[in-house]
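**Student:** The structure is given below, and queries will be raised subsequently.
The values are calculated or read from the model by the stated rules, or taken from the named source; none is laboratory data. Quick caveat: nothing in here was measured; it's all calculated off a predicted structure. Note: ideal-geometry Cβ built from the backbone for every residue, glycine included; neighbour counts use all protein chains shown. For the accessible areas, the whole protein counts, side chains as well, though only heavy atoms, and no ligand, DNA or RNA atoms are used. Shrake-Rupley method; radii C 1.70, N 1.55, O 1.52, S 1.80 Å.
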Amino acid sequence: MQKRFEYNLISILERVEKARLSFNSHHIVKLIAASKYVREKEIAALYSCGQRAFGENKVQDLSAKAKSQELEKLPLEWHFIGSLQTNKINSLLALNPHLFHALDSIELAEQLQKRLARDNKKLKALLQVNSAREVQKSGVAPENALEIYSQISQIAPNIELQGLMCIGAHEQDQKKIAASFELTRKIFEELQKSTKNRAEILSMGMSGDFELAIKCGANMIRLGSVLFK
Ligand SMILES: *Cc1c(COP(=O)(O)O)cnc(C)c1O
């Protein structure tokens, strides 16, 4: 298993490298291993290949894996990449995730802020943008993203917004997928221009579209199936 993962990881890193250079040679891309399809044993094997950042999309799975006997003592960086229901906020915060990728409403930010302030904690988060405008996807509408980002920064001082996340259009047409990434990057660049906001992370790209995402400016990619196959 470890040999196979090592092979997958190396071939992905080669593909990332090519895409990165075609965007900008100073551009650095961070890989998050989306480990939702696999168990502790597979995560430990990928860790042995050098991977440190892992992402889960269900709070109960993150909890079970992060606290498991096999993984608890490893210095893993856990990301929470799924939608967060309000009744799971306390459980998520108790796990001190490194980054929450899918903050998708002012209401959720308010709920998080209440719990964070009570426990005197901070949470790093990305605002999820529904750049493909697909009803089945979460995220704020692209035209509202800048306003909501600023609003959250004001009302939720314990949430440290770091940038944006999006899921590429569910499409075969590469141009349409690219359009959803480009739109997110435009919003990201607007955020970077304004001095009152901080925006450093642009999380976009999955197994089927990560090279395209990188060429559109992604500096964080979330890969599952291509990594653990
Ligand atoms: C599962 C998941 C991924 C990874 O998906 P793959 O297509 O398997 O690479 C990325 N982002 C989110 C939010 C996910 O839930």
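**Student:** Here are Ala109, Ala94, Ala53, Ala66: which of them is away from the ligand (no atom under 14 Å from the Cβ) and under 28 Å from Ala179 (Cα atoms)?
**Tutor:** Just one listed residue meets the conditions, Ala109.
**Student:** Still on this structure: So which of Glu160, Glu147 ends up being part of a helix (DSSP H, G or I), open to solvent by 30 Å² or more (accessible area, probe 1.4 Å) and either among the hydrophobic types (A, V, I, L, M, F, W, C) or more than 16 Å from the ligand (Cβ to nearest atom) (or both)?
**Tutor:** Sole residue among the options that is part of a helix (DSSP H, G or I), open to solvent by 30 Å² or more (accessible area, probe 1.4 Å) and either among the hydrophobic types (A, V, I, L, M, F, W, C) or more than 16 Å from the ligand (Cβ to nearest atom) (or both): Glu147.
**Student:** Restricted to region 40-50, and to residues that are farther than 18 Å from Leu95 by Cα and within 16 Å of the ligand (Cβ to nearest atom), which residue is surrounded by the fewest Cβ atoms within 10 Å (Cβ to Cβ)?
**Tutor:** Glu42
**Student:** Then there's this: For region 128-144: of the residues being touching a residue at least 12 places away in the same chain (Cβ under 8 Å) and outside any loop (DSSP other than H, G, I, E, B), which is surrounded by the fewest Cβ atoms within 10 Å (Cβ to Cβ)?
**Tutor:** Among those that are touching a residue at least 12 places away in the same chain (Cβ under 8 Å) and outside any loop (DSSP other than H, G, I, E, B), it is Pro142.
**Student:** Moving on. What's the number of the condition Ser22 fails, among (1) in contact (Cβ under 8 Å) with a residue 60 or more places away in the chain; (2) surrounded by fewer than 19 Cβ atoms within 10 Å (Cβ to Cβ); (3) within 16 Å of the ligand (Cβ to nearest atom)?
**Tutor:** Result: Ser22 fails condition (3) only.
**Student:** Which condition breaks for Gly205 when tested against (1) away from the ligand (no atom under 11 Å from the Cβ); (2) closer than 22 Å to Ser25 by Cα; (3) modelled with pLDDT of 95 or more?
**Tutor:** Status for Gly205: all satisfied but (1).
**Student:** For region 154-162, state whether one or more residues are under 14 Å from Asn130 (Cα atoms), among the small types (Gly, Ala, Ser) and modelled with pLDDT of 95 or more.
**Tutor:** no
**Student:** In region 178-229, which residues are open to solvent by less than 10 Å² (accessible area, probe 1.4 Å), assigned to a helix (DSSP H, G or I) and either within 19 Å of Asp104 (Cβ to Cβ) or aliphatic (A, V, I, L, M) (or both)?
**Tutor:** The answer is Ser180, Phe181, Thr184, Leu191, Ala213, Ile214, Leu227.
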